[in-house]
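One structure below.
The values are calculated or read from the model by the stated rules, or taken from the named source; none is laboratory data. Predicted, not measured: the structure shown is a model, and the values here were computed from it. Surface accessibility is based on the protein's heavy atoms, side chains included, excluding ligands, DNA and RNA. Shrake-Rupley method; radii C 1.70, N 1.55, O 1.52, S 1.80 Å.
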Amino acid sequence: MKKIEQQISGKTFREKLFRVVYESDTLGGKSFNITLVFCIIISVLIVSFDSIERMSIRYGKILLYTEWAITILFSIEFALRITCVKKPLKYLFSFMGMIDLLSILPLYLSYFFTGTKYLVVIRTFRILRVFRILKMWNFIEASHHLTRALYISSIKIGVFLLFLLVLVVIIGSLMHLIEGEKHGFDNIPQSIYWAIVTITTVGYGDIAPKTPAGRLFASLIMLLGYGIIAVPTGIVTAELVKFAKTTHVKSTHSCPSCGKEGHDADAHFCKFCGGKLQSP
């Protein structure tokens, strides 16, 4: 009887802890998540100030101690997130799970690798949770659509980038042949670098064609660059249009098993792991 009571009590505590850590529909949950958002902002400001030499010399120790305090807080929060969900591995290998893990590692790694502490700016990704905290349903739904569209478009974009890689190799080789070493195109790799800078319309200007034939060829590449930039945008836009036609009302509640969001408002089971969803 005592074991049953302990199990019920443990389960109830776990559910309450889940509501605080993952949800924001209670006072405790909202306070917890808003506190985390403020800590993220403070942490990013600390890293920014620490990169300024005079600030680092004068307030280096204070900044370091504050950053360690925030990192320990995030480490505890990460442990709580793993404890709350029924399927920790599902959470760990999710996008936000990886971001949560990567946001606490840099400071620990800084003892082994110099400069890694500045990677804590990864924590800025976690500010995306503020949309759920403030009940900005439209922003949450739009973020899910954009993420899904990018994922579906990744194969098409990958093929396009492979084609673009072949194209810049050909363009760079031709420009090396037209201009040659005399005008700064010393070798094919350097000419390929020029082709990438030109076709992406960046235009650093450190290498530029001097001959009439080279300038004519470069002009054609510049015009081609405008069309090439539009291709990935068009691929992603097409997927977003498909989602717009099949839009469903989404819930911001997280799955108790894997911690993922993005379920339909009337869903009873998680579409990612099959776990039962908590009622609002």
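Non-local amide H neighbours of Ser257 (under 5 Å, H modeled in plane, Pro and chain starts lacking H): which ones?
Lys86
So what J values fall out for the range 118-125 if you push phi through Karplus, 6.51 cos²θ - 1.76 cosθ + 1.60 with θ = phi - 60°, rounded to Hz, Gly and Pro as x?
For the range 118-125, the Karplus-derived couplings read 6, 6, 5, 4, 4, 4, 4, 4 Hz, x marking Gly and Pro.
Karplus couplings for the range 167-172 from phi (6.51 cos²θ - 1.76 cosθ + 1.60, θ = phi - 60°), rounded to Hz, Gly and Pro as x?
Values per residue, Gly and Pro as x: 5, 5, 5, 5, 4, x Hz.
Within the set Lys242/Lys276; Lys242/Lys271; Lys86/Lys242; Lys30/Lys242, which residue pairs have Cα atoms separated by over 31 Å?
Details: Lys242/Lys276 28 Å; Lys242/Lys271 20 Å; Lys86/Lys242 33 Å; Lys30/Lys242 34 Å.
Long pairs (Cα-Cα over 31 Å): Lys86/Lys242; Lys30/Lys242.
Taking H placed 1.01 Å from N in the peptide plane, check which residues at least 5 places from Phe269 or on another chain put their amide H under 5 Å from its amide H.
For Phe269, whose amide H was placed from the backbone, the distant partners under 5 Å are Leu277.
Cα-based Rg (one decimal) and Dmax (whole number) for the range 73-118, in Å?
Calculated on Cα positions, Rg and Dmax stand at 11.9, 37 Å.
Express the carbon and sulfur contribution to the solvent-accessible surface of the range 73-122 as a percent, rounded to the nearest whole number, probe 1.4 angstrom.
80
Does the range 197-244 classify as rounded, prolate or oblate by the C-alpha gyration tensor (a ≥ b ≥ c root eigenvalues; a/c under 1.5 gives rounded; else a/b over b/c gives prolate, otherwise oblate)?
Working: a/c = 7.98, a/b = 3.11, b/c = 2.57.
Verdict is prolate for the range 197-244.
Accessible area per residue of the range 6-88 at 1.4 Å probe, in Å²?
Spelled out: the 1.4 Å probe surface of the range 6-88, per residue, equals 60 Å².
In whole Å, how far is the Cα centre of the range 87-113 from that of the range 167-195?
The two parts, judged by their Cα centres, are 42 Å apart.
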